[in-house]
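For reference, the structure is listed below as structure tokens.
The values are calculated or read from the model by the stated rules, or taken from the named source; none is laboratory data. Being a predicted model, the structure only gives us computed values, none of them experimental. Positions of Cβ are backbone-derived with ideal geometry, glycine not excepted, and every protein chain shown enters the neighbour counts. Accessible surface areas use protein heavy atoms only, side chains included; no ligands, DNA or RNA. Shrake-Rupley method; radii C 1.70, N 1.55, O 1.52, S 1.80 Å.
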Amino acid sequence: MATNVYMEALSPTMEEGRVAKWHKREGDAVKAGDTLAEVETDKAVMDLVARADGVLRQVAVAEGQTVPVGSVVAVIAAPGEAIGAAPTAAAPATPSGSGKRETGNVGVATVSAPVAVATLSSAPPTDATRVKASPLARRIAKEAGVDLKLVAGSGPGGRVVKKDLERAPTAAAAAPVPVSRFPIPERSGAPYEDVPLTQIRKTIAKRLATSLGPIPHFFLTSEVDMERAAEAREALNQQLGDQAGGGAGGKVSFNDIVIKATGLALAKHRACNAWFQEDHIRYWNEVHIGMAVAVEDGLITPVIRNADVKSLAEIGREAKALADKARSRRLQPSEYTGSTFSVSNLGMFDIDQFTAVINPPEAGIIAVGSIVQKPVVSDGQVTARRRVRLTMSCDHRVIDGATGAAFLRTLKQMLENPLAMLL
């Protein structure tokens, strides 16, 4: 009995997927659970796994090709089994059969009727000697002119990942990790170069259009004294370093402190911890903070769940782990969906102040600028204090001016007096 391999919807906003790499060639024997290919979605790179034993047949999508959700991309058949070759319509986004895996991997469905595959193009045979590497590592190596065969991989099965290129002697200087940007090609003799949108950039474009257009934004800015927060962070990191034998793995960042304070402030101001839902407003009792992370070709917001009740050390460890997974495009849907409010920080880029776009259906987002020393008058004396500007973007359909101002005041009080976070 043949089994169709479908392109499934792996995130709430996914409409199409791009086959980044085939791990199996046409004619290869496969077992249920084997990774067939890597698929680039609008949020991450996911594994396409086999749900049946057999032989991979009729690979219909080449590496680099994008197809709609529900398309048949290949067939798994028994050895010697005859299968149809006539084109067929796309299957449902979630095919019947064994159902979608909870891990978020791409699934397949068992069908008893003769299988027909729409031939989109012929997939070139995979080079058996090809180096195993993540899509991000492959792009970095290509831009820097680094031969991946010379880089030792530390990922699963010897897979080369981003950190391997960072520490490789020949690649560290030549291959800086790219910051969020479009994949700009080298200059040519032509007047311009056209670059197709990646899946994540397509989604960003759509979501911005559904945010700035329909959502009536207004903005509130407050300058916060971070001197006590900085002192508390230094003391906490010293204690964490002593506990870890001097290691830096558990260090707390200023962004972790802002996330924690934001979570506590939202617990006190539920009117801001809300979603706009067309005919109603959903007020959340739980606080899940979306943390904006710049990736190579866009932005994604992994979620710190229950941020109001987690310790700073827990938030720090979780934020680092999620950011690393985001940059390597390995986040699972459960790790980037369900946020009730978001925080975006550009302070590390020396940005003094900015306004962030609300991530619907959330009703607000905090934009964090650089922490800089400024002359401040205190008790008639001019002294240098570390300060930061916070700008809150509000959905006026949910949050009124006074409501947002009250929340921002509470957030400011907590950051200026970190002991308030313990109350």
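Taking the condition touching a residue at least 12 places away in the same chain (Cβ under 8 Å), crowded, with 18+ Cβ neighbours inside 10 Å and out of contact with any Pro (no Cβ under 9 Å at 6 or more places or on another chain), does Val45 pass?
no
Taking region 9-60 only, how many residues are in a loop (DSSP other than H, G, I, E, B), at pLDDT 85 or above and among the basic types (Lys, Arg)?
Summing the residues that are in a loop (DSSP other than H, G, I, E, B), at pLDDT 85 or above and among the basic types (Lys, Arg) in region 9-60 gives 3.
Given the conditions (1) at pLDDT 80 or above; (2) open to solvent by 50 Å² or more (accessible area, probe 1.4 Å); (3) in a loop (DSSP other than H, G, I, E, B), report the number of the one that Ile215 does not fulfil.
(2)
Please find, among Val45, Val69, Val19, the residue that is more than 20 Å from Val195 (Cβ to Cβ) and not small (Gly, Ala, Ser).
Val69 is the lone residue from the list that is more than 20 Å from Val195 (Cβ to Cβ) and not small (Gly, Ala, Ser).
Is there a residue being more than 30 Å from Asp400 (Cα to Cα) and within 9 Å of the chain's Cα centre (by Cα) anywhere in region 304-318?
no
Run down Ala32, Ala44, Ala62 and say which single residue is among the small types (Gly, Ala, Ser), within 23 Å of Arg330 (Cα to Cα) and within 20 Å of the chain's Cα centre (by Cα). Lay out the reasoning, then the answer.
On the way: Ala32 fails: within 20 Å of the chain's Cα centre (by Cα); Ala62 fails: within 20 Å of the chain's Cα centre (by Cα).
Being among the small types (Gly, Ala, Ser), within 23 Å of Arg330 (Cα to Cα) and within 20 Å of the chain's Cα centre (by Cα) holds for just one of Ala32, Ala44, Ala62, which is Ala44.
For region 170-200, enumerate the residues that are over 17 Å from Ser328 (Cα atoms) and at pLDDT 75 or above.
Listed by number, the residues that qualify are Glu186, Arg187, Ser188, Gly189, Ala190, Pro191, Tyr192, Glu193, Asp194, Val195, Pro196, Leu197.
May I ask you to say which residue of Gly369, Gly347, Gly404, Gly380 is buried (at least 23 other Cβ atoms within 10 Å of the Cβ) and not polar (S, T, N, Q)?
Answer to the selection: Gly404.
Answer yes if at least one residue in region 359-375 is closer than 23 Å to Leu220 by Cα and basic (Lys, Arg), and no otherwise.
Scanning region 359-375, I find at least one residue that is closer than 23 Å to Leu220 by Cα and basic (Lys, Arg), so the answer is yes.
Can you tell me which condition Thr203 does not meet? The list is (1) closer than 29 Å to Arg329 by Cα; (2) outside any helix (DSSP H, G or I), and all the others hold.
Status for Thr203: all satisfied but (2).
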